[in-house]
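Every number here is computed from the coordinates shown, using simple stated rules; none is lab data. On a predicted model such as this, the values are computed, not experimentally measured, just so you know. Glycine gets a Cβ as well: all are built from the backbone with ideal geometry, and neighbour counts include every protein chain shown.
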Amino acid sequence: MKKLIATKLFKTPLWLTSIAASTLGFAQLAFAQEEPKYNLPTPVSPLTKDIYALHVMTSWVALILMVIVTIIVVYSLVKFRKSKGYEPDQNFHKSWFGRWAWALVPLLVLGIDMAIAGRAASTLKALYNHPDADITIKVTGSQWKWTYEYMDDDIRFNSNLNKDLTPEDKQYLRDVDNPLVLPVDTNVRFLHTATDVLHNWWVPAVAYKVDSVPGFINETRTRIEEIGTYRGQCAENCGTGHAFMPIVVKAVSKEDYAVWKTEQQAKSAAAAAEASADKEWSMDELMARGKAVYEKSCVACHQMTGEGIPGVFPALKGSPVAVGDMATHIGTVVNGVSGTAMAAWKNQLNDLELAAVITYERNAWDNDKGDLAQPADIKAVR
């Protein structure tokens, strides 16, 4: 019975399997080119176009090699199977092909590799040869959000997951509250770093990816050629909230970017002036602002109820920090806690935002300390 089954397996079905596999391979590659959602996103910058072209070329090479090797293997299995009485050639190694195949086949493979390597080398070289940047943006990854700082324009903001969307929304888990806005046909330089663990800012249509490393600066470049909205995500497993760290880049015309920049600069200046003012804020004002800051920046770890995630992130409800000494609480939030996931917030929030969220933590969830922090208290420990 086993012999009969083995014999049948080496008959017509193998040829059909080979043809089907080859046809399916070609169909998948062609379909991927027609339907971008099954492939890399359509590139919109010179560098990503080069990377995309390299990806397509290597896919074709791999597919053709797969078909050739499959045909040879299947033909050999069918033509020289034992059930047809074929006897192995004991002197094959003495033939011309038997002697030279060990040299010719590796040379052929090396030639294919070099053809790919030549294209890859030119693409790799382009990654490090750039014109001067018109805009420089520092991109800082934190658990679990991005901070964008336009180095020459006094614009700085956080970009968080848009929590208002539901699973029925098309961009659920892929949208943010504050997208990165860039002008088209402009040389942009990104400086990548992180505040806590490794992150990786990657928008495949716009820029290639590099790791964001705490205490270190990596660099990428882009020049977006088409107006549109482009999406990506953190490409480094950065913790339990890794899936909730999307990236949205909005490419606009230079005219629209100039308008947006003016509005953002005015907003940043107003926020800075408000935060640095000597005004004494009331409990109600701080609680309202603190709740908004907490829900945007802190809820992922400490949860809406302030009870944290047991064994992962500590609770704030009734915690020794939130109901303890004010100075210790301020120091913890402003400077972070070394060796833990608690990052320093002094470079991510202004004095008013920090004072408000600390006040909220000390008086929400029945903590009811009754005290409050003022922007001046934050400024004193920076």
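Per-structure values
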quantity	calculated
Net charge of neighbours whose Cβ lies under 13 Å from the Cβ of Arg289, counting Lys and Arg as +1 and Asp and Glu as -1	-4
Loop chymotrypsin sites (Phe, Trp or Tyr not before Pro), the range 173-236, which have at most 11 other Cβ atoms in a 10 Å radius of their Cβ (DSSP)	Phe216
Selected from Asn350, Asn129, Asn39 as most flexible by GNM, with the chain as the system and alpha-carbon contacts under 10 Å	Asn129
Greater than 25 Å apart at Cα, pairs in Lys163/Lys279; Lys49/Lys261; Lys346/Lys369; Lys291/Lys317; Lys49/Lys209; Lys279/Lys346	Lys163/Lys279; Lys49/Lys261
Principal-axis tilt of helix 283-297 within the chain, Cα atoms, nearest 10 degrees	10 degrees
Spin-label pair Leu40/Asp371, simplified geometry with 7 Å Cα→Cβ offset, distance in nm	5.5 nm
Thr305-Lys267 FRET efficiency (beta carbon distance; Förster radius 35 Å; 0.05 resolution)	0.65
Theoretical gain in end-to-end length, Leu173 to Val210 [0.36 nm per residue, Cα-Cα removed]	11.1 nm
Highest-fluctuation residue, Val105, Val61, Val74 considered, GNM on the chain with Cα pairs under 10 Å	Val105
Ranked Leu127, Leu286, criterion: other C-beta atoms within 10 Å, fewest first	Leu127, Leu286
Relative contact order (%) - the chain, alpha-carbon pairs under 8 angstrom, separation at least six	12 percent
Nearest 10 degrees, 0 to 90: helix 326-335 Cα axis against the chain principal axis	30 degrees
Principal-axis tilt of helix 254-276 within the chain, Cα atoms, nearest 10 degrees	40 degrees
Isotropic mean projected area of the C-alpha convex hull, the chain (nm²)	28.2 nm²
Of Trp60, Trp102, Trp345, the one that fluctuates the most in a GNM where the chain has Cα springs shorter than 10 Å	Trp102
Per-residue HN-Hα couplings for the range 362-370 [Karplus 6.51, -1.76, 1.60; θ = phi - 60°; Hz; x = Gly/Pro]	7, 10, 8, 6, 6, 5, 6, 6, x
